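K.L.:
Pasting a structure below so you can have a look.
The values are calculated or read from the model by the stated rules, or taken from the named source; none is laboratory data. All figures in this text were calculated on a predicted structure; none of them were measured in a lab. So basically every Cβ, Gly included, is an ideal-geometry build from the backbone, and we count neighbours across all protein chains shown. When the accessible area is computed, the model is the full protein with side chains, heavy atoms only, and any ligands, DNA or RNA have been set aside. Shrake-Rupley method; radii C 1.70, N 1.55, O 1.52, S 1.80 Å.
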Amino acid sequence: MNDGTGRLVEDKKFYDKDAVTVLQNPYRMVVADFNGDKVDDVFIANFGNWFTNPDNTSGVGPGVQGLLLSSPAGMLDASNRIQYPNEGKGFSRPSHDAGAGDFDGDGDIDITFSGYIIFNNGKGNFPTHLDLVPETINPIDAFSVGDFNGDGIADIVLYFRHGNGLDPAEKQVGADGCYTFYNNPTIDARCAGFIAMGPFTERTKVGGKDGLSFRKIATGVFGNNTYFNNTAVGDIDADGDLDIVIGSTRIDRYYESRKVQVLLNDGRGNFTDSTSVSYPKQPLAERAITQVTVGIGEGDIFLKDFDRDGDLDIIDSIGWCPCNDYDDYPKVILGLNDGTGKFAPAPNDLFPNRLELKYFIGYDGFTDPGWRTRENPLNTGVPDEHRDGNSQRRIKRAVFVDLDGEGQLDLVSYFDDYHYRVKGNPDPEEKNFYTIYSIVNTAPFR
């Protein structure tokens with residue numbers, strides 16, 4: 001909880017994390033007033049429950065979602081207010097993202113995740129749902145919600161990755177795991193975004209000639225190698241309608257590089273890919289990884305007026321790569337809007353470096369952050385001395401909010417890493433460090 005000065009303090013009287021439903025894989029969340037008391041509530045998307053088969057293969061099974069509703073007694077667990085399919089075990093597809101909007105036009109806020117919409121009865125109960133893509137078995141990794149055609153009703157865009165189409169038992173295109181969309185052999189659902197216009201209800205017919213109509217609006221920024229990760233919606237070119245920015249990465253190599261795609265709306269829900277014009281310079285877009293199999297493509301994208309000039313800027317907040325390939329670039333990237341929807345990256349040194357290890361209780365100066373090097377790509381053995389590379393010093397995965405009420409965006413970030421002993425360490429234990437911290441902005445942006 002904010003104490004009014006920008007300092008965040010845990011308040012177990014308001015929210016007790018030990019008294020809520022445990023989610024095995026909580027992912028992204030959405031904040032909105034679901035129970036109509038004019039106070040924010042929280043929905044947390046759950047990626048599902050991992051399981052291991054007798055043959056040692058694994059998968060993800062159905063899982064319940066997280067719902068916290070405000071009350072005079074604080075935030076209360078309300079996950080049981082959602083009616084779950086699969087005999088109450090949860091929704092089948094893993095939930096990678098979360099969104100909210102009035103999809104049925106009844107005046108309250110509904111929730112969407114992984115191609116499902118759960119409908120609010122106005123009191124924070126969600127007794128019914130609609131599956132927008134019932135034949136799809138893989139997660140819908142990203143989607144966009146907004147009134148894209150200006151009729152006052154929330155619409156939705158679903159983004160499909162490679163192999164993220166229909167059940168393999170249905171019609172298949174080629175031999176690479178790409179399936180058609182709703183058994184329509186003329187539509188390739190691979191690495192593309194599809195829009196459907198609201199309203200939606202639990203009785204909306206899906207599939208068939210007279211069913212819900214989806215229309216392709218864009219292919220992925222990396223073509224058929226695109227992994228859509230996260231999106232944000234806002235009027236970036238000041239023409240009065242909602243545009244979309246998408247943070248994407250590659251499937252192969254997995255999460256290699258990061259690029260923001262810009263889709264401009266004509267006001268009727270028709271989109272043009274304007275990336276090459278609107279955001280041409282993106283240093284992480286073609287960066288290869290040379291040392292490990294997982295790159296830096298995971299993150300969250302935001303549209304906020306960072307420099308307070310009246311337009312929306314792009315903040316791409318990405319995670320950490322266990323490598324040196326991205327040492328020379330920050331993990332929080334700001335694209336400044338010139339007012340017309342064209343963006344340029346802010347200087348690399350705009351944001352401060354992250355919290356240092358020396359501030360942690362228990363850090364003894366001998367602990368190595370465990371980052372992989374070209375000489376030691378698998379981080380094997382015990383290093384001879386403490387190292388803390390540039391990649392570790394860069395701030396990562398931050399959210400921006402005015403914490404102190406001064407009108408400027410401050411940031412909240414986190415620190416978490418595995419740390420390994422080095423030779424000469426008197427402490428026999430390996431240690432993990434984790435914390436959340438805030439940085440208050442004290443200087444106007446120039």
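K.L.:
So, Asp16, is that one open to solvent by less than 60 Å² (accessible area, probe 1.4 Å) and of a type in the set (D, E, K, R) or not?
P.N.:
Yes: the conditions hold for Asp16.
K.L.:
Now, a different point. Output the number of the condition that Phe51 fails; it satisfies all remaining conditions of (1) over 28 Å from Asn149 (Cβ atoms); (2) among the aromatic types (Phe, Trp, Tyr); (3) assigned to a strand (DSSP E or B); (4) modelled with pLDDT of 90 or more.
P.N.:
It is condition (4) that Phe51 fails.
K.L.:
Would you be able to say whether some residue in segment 263-280 is open to solvent by 10 Å² or more (accessible area, probe 1.4 Å), under 13 Å from Gly299 (Cα atoms) and in contact with a helix residue (DSSP H, G or I) (Cβ under 9 Å, 6 or more places away or on another chain)?
P.N.:
no
K.L.:
Can you give me the number of residues within segment 291-307 that are open to solvent by 10 Å² or more (accessible area, probe 1.4 Å) and modelled with pLDDT of 90 or more?
P.N.:
Within segment 291-307, residues that are open to solvent by 10 Å² or more (accessible area, probe 1.4 Å) and modelled with pLDDT of 90 or more number 7.
K.L.:
Also, quick follow-up: If I ask for residues that are touching an Asp or Glu at 6+ places or on another chain (Cβ under 8 Å) and outside any loop (DSSP other than H, G, I, E, B), which ones from segment 238-258 would you list?
P.N.:
Asp243, Gly247, Thr249, Arg250
K.L.:
If you scan segment 250-282, which residues turn out to be hydroxyl-bearing (Ser, Thr, Tyr) and at negative phi?
P.N.:
Tyr254, Thr272, Ser274, Thr275, Ser276, Ser278, Tyr279
K.L.:
Let me ask you something else. Quickly run through segment 32-50 and pick out the residues that are surrounded by fewer than 15 Cβ atoms within 10 Å (Cβ to Cβ) and either of a type in the set (Ser, Thr, Tyr) or without any contact (Cβ under 8 Å) to a residue 60 or more places away in the chain (or both).
P.N.:
If the condition is that a residue be surrounded by fewer than 15 Cβ atoms within 10 Å (Cβ to Cβ) and either of a type in the set (Ser, Thr, Tyr) or without any contact (Cβ under 8 Å) to a residue 60 or more places away in the chain (or both), then Asp37, Lys38, Val39, Asp40, Trp50 are the ones that fit.
K.L.:
Let me ask something else. Would you tally the residues in segment 224-233 being open to solvent by 30 Å² or more (accessible area, probe 1.4 Å) and either more than 15 Å from Val145 (Cα to Cα) or free of Cβ contacts under 8 Å to residues at least 40 places away in the same chain (or both)?
P.N.:
The total comes to 2.
K.L.:
Something else: So which residues in segment 189-237 are among the basic types (Lys, Arg) and part of a loop (DSSP other than H, G, I, E, B), if there are any at all?
P.N.:
Listed by number, the residues that qualify are Arg190, Arg203, Lys205, Lys209.
K.L.:
Please work out which residue is modelled with the lowest pLDDT, limiting yourself to segment 343-372 and to residues that are open to solvent by 60 Å² or more (accessible area, probe 1.4 Å) and among the basic types (Lys, Arg).
P.N.:
Within segment 343-372, the match that is modelled with the lowest pLDDT is Arg372.
K.L.:
What do you reckon, is Thr340 of a type in the set (Ser, Thr, Tyr), surrounded by fewer than 16 Cβ atoms within 10 Å (Cβ to Cβ), assigned to a loop (DSSP other than H, G, I, E, B) and at pLDDT below 80? Talk me through it step by step, then tell me what you get.
P.N.:
Numbers: of a type in the set (Ser, Thr, Tyr): yes; surrounded by fewer than 16 Cβ atoms within 10 Å (Cβ to Cβ): yes; assigned to a loop (DSSP other than H, G, I, E, B): yes; at pLDDT below 80: no.
Criteria not met by Thr340.
K.L.:
Given the structure, is Ala288 at pLDDT 70 or above, open to solvent by 20 Å² or more (accessible area, probe 1.4 Å) and touching a strand residue (DSSP E or B) at 6+ places or on another chain (Cβ under 6 Å)?
P.N.:
no
K.L.:
Going residue by residue through segment 308-315, is there one that turns out to be open to solvent by 30 Å² or more (accessible area, probe 1.4 Å) and closer than 22 Å to His96 by Cβ?
P.N.:
No: segment 308-315 contains no residue that is open to solvent by 30 Å² or more (accessible area, probe 1.4 Å) and closer than 22 Å to His96 by Cβ.
K.L.:
Output yes when any residue across segment 23-40 is of a type in the set (Gly, Ala, Ser) and over 20 Å from the mean Cα position of the chain (by Cα), and no when none is.
P.N.:
Checking segment 23-40: at least one residue is of a type in the set (Gly, Ala, Ser) and over 20 Å from the mean Cα position of the chain (by Cα).
K.L.:
List the number of the failed condition for Met1; all other conditions in (1) out of contact with any Leu (no Cβ under 8 Å at 6 or more places or on another chain); (2) surrounded by fewer than 18 Cβ atoms within 10 Å (Cβ to Cβ) hold.
P.N.:
Among (1) out of contact with any Leu (no Cβ under 8 Å at 6 or more places or on another chain); (2) surrounded by fewer than 18 Cβ atoms within 10 Å (Cβ to Cβ), the lone unmet condition for Met1 is (1).
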